[in-house]
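Please treat every number below as a calculation from the coordinates, not as lab data. Source: prediction; values computed, not measured. Cβ coordinates were reconstructed from backbone atoms using ideal geometry, including for glycine residues, and neighbour counts include every protein chain displayed.
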Amino acid sequence: MTPLRVGIVGAGIAGLACAEKLTRQGHQVRLFERGRGAGGRMAARRLPTDIGTAHFDHGAQYFTVRDAAFRRRVESWVADGVVARWPSAGVDAHVGVPAMNAPLRRMVDPDSIRWSATVTQIERCGPGWRLGFDRDAAVEVDVAVVATPAERAAELLAPVAPDFAARARATRSEPCWTGMLAFAAPVAVTQDCWRGEEVIAWAARNNSKPGRVGPESWVVQAGPDWSRTHLEADPAWVLAILTKALSNRLGVGLPRLAGAASHRWRYARSGGEGSGAIFDRERRLGVCGDWLVGPRIEAAWRSGDALAERIGGDGGCDRRAP
Ligand SMILES: Cc1cc2nc3c(=O)[nH]c(=O)nc-3n(C[C@H](O)[C@H](O)[C@H](O)COP(=O)(O)OP(=O)(O)OC[C@H]3O[C@@H](n4cnc5c(N)ncnc54)[C@H](O)[C@@H]3O)c2cc1C
């Protein structure tokens, strides 16, 4: 099999799962990620406060494991100490250790990834593709893979694969306003996580997850309807509303706030297009991400893994011009 040069746009768990398998198959993989580090929507954030640095998983909170292949991957992360169970959220709840992005950091091959690299254009280049960037020089590859949220995929794919772009546009992500609250003392409740509707859909004591250090820290997520209604609101106003809602939800007064921040996820929870992954062998173009399966970490991993199987599984593409 001739090794292919595969360029993957986006180093979330879908892009990294795709990269891992293609690399194992002997292909030359390069990842391009607009962020400065691994995470995507499994991001983690530090917040300096007057009582020390607070840590938050401000995207995905935990993940469940159903698929046999994903279970094997998770077991290897557990053996490596970068994933553990978090019983507070349920018997099958797993989290990254010491932060949600830990398994992604483990998946990254530093030699094959370029950080702070936003792909702005995908254009034809012979039988393959040229990836254009906001700053750096363009890169030529045999196969292009788009592993971004659906809305971003639609933008990139529209000029070169309007049919793929239309599929991405047909699914819709939900937004999520998130509050990160660090307290000077523990909040006086015994339960570590709470599910609700509006305003607050989820609240959790982040420092109750395994391996966390630092001050008492809570993540508060607004529900999708509330987040959509207030998408363009002032972040400070959102933070004040979420803090008040947390106190009401828990039914206790909150300790002194040592630090706080908010984050607006415009595309938090994806839809579920249902096809698993998209690959067109003739066009040498692939697409993966949670939105092709469902709004979960496991779904994103399965999509990336499935795409790699389709690109490389039956001999890949012929590198000669078709
Ligand atoms: C607030 C929130 C709560 C969630 N809670 C849970 C939960 O509890 N359990 C669960 O299972 N799932 C949860 N999810 C969903 C889960 O995080 C996602 O399903 C999963 O992480 C998606 O992975 P992905 O690789 O498909 O996409 P992403 O993680 O979004 O990765 C895509 C990557 O592409 C990069 N990118 C985008 N455009 C470009 C470009 N033009 N050039 C270069 N790079 C680009 C992005 O920076 C990003 O790193 C939650 C998500 C959010 C935001």
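Only Cα sites of the stretch 230-272 enter the Debye sum here, all with the same form factor; the resulting log10 I(q)/I(0) across q = 0.14, 0.17 1/Å is -0.44, -0.61, listed in q order.
What is the Cα convex hull volume of the stretch 180-322 when expressed per residue in Å³?
165
Maximal additional length on extending the residue 198-residue 92 stretch stands at 35.6 nm, based on 0.36 nm per residue less the C-alpha distance.
The stretch 118-223: Rg/Rh from Cα coordinates, Kirkwood Rh?
1.21
Could you give the dipole magnitude of the stretch 10-70 about its Cα centre, charging the beta-carbon of Lys and Arg +1 and that of Asp and Glu -1, in debye to the nearest 20? So the magnitude is around 200 debye. For the peptides 121-130, 30-39, 188-197, the ranking by packing is 30-39, 121-130, 188-197, with the highest mean count of neighbouring Cβ atoms within 10 Å listed first. Where does helix 235-250 land angle-wise versus the long Cα axis of the chain, in degrees 0 to 90, nearest 10? Result, in degrees: 60. Across the stretch 216-226, coupling constants 3J(HN,Hα) worked out from phi with the 6.51/-1.76/1.60 Karplus curve, θ = phi - 60°, read 4, 9, 10, 10, 10, 10, 6, x, x, 5, 4 Hz, and Gly and Pro carry x.
Most tightly packed first, judged by the mean number of other beta-carbon atoms within 10 Å of their residues, the peptides 77-83, 100-106 read 100-106, 77-83.
Helix 297-312 and the longest principal axis of the Cα set of the chain meet at an angle near 10°.
A simple charge model with +1 on the Cβ of Lys and Arg, -1 on the Cβ of Asp and Glu and nothing else charged puts the dipole of the chain at about 260 debye relative to its Cα centre. For residue 191 and residue 280, the difference between the fully extended length at 0.36 nm per residue and the C-alpha to C-alpha distance is 27.2 nm. Between the listed residues 230, 206, 79, the Cα displaced farthest toward the positive end of the dipole of the chain, a dipole computed from Cβ unit charges relative to the Cα centre, is found at 79. If the chain linking residue 111 and residue 69 were pulled fully straight, counting 0.36 nm for each residue of separation and taking away their Cα-Cα distance, it would gain 12.5 nm. FRET efficiency for the pair residue 231 and residue 166, taken as 1/(1 + (r/R0)^6) with r the Cβ-Cβ distance and R0 = 22 Å, rounds to 0.35. To the nearest ten degrees, helix 13-24 and the longest principal axis of the Cα atoms of the chain are 40 degrees apart.
Taking other C-beta atoms within 10 angstrom as a stand-in for reagent exposure, 178, 23 fall in the order 23, 178, fewest first. Taking packing as the residue-averaged number of other Cβ atoms within 10 angstrom, the listed peptides 216-223, 232-239, 199-206 run from highest to lowest as 216-223, 199-206, 232-239.
For the stretch 134-217, the relative contact order comes to 19 percent (Cα pairs under 8 Å, sequence separation of at least 6).
Enter the Cα centre distance for the pair the stretch 218-235 and the stretch 1-78, rounded to the nearest angstrom. Centre-to-centre (Cα) distance: 25 Å. If you take the square roots of the eigenvalues of the alpha-carbon gyration tensor of the stretch 1-126 and sort them as a ≥ b ≥ c, do you get rounded (a/c under 1.5), prolate (a/b over b/c) or oblate? Taking the square roots of the gyration eigenvalues as a ≥ b ≥ c, the stretch 1-126 is oblate.
Taking only the alpha carbons of the chain, we obtain Rg and Dmax values of 20.4, 68 Å in that order. Note: relative contact order over the chain, using C-alpha pairs below 8 Å and six or more positions apart, is 22 percent.
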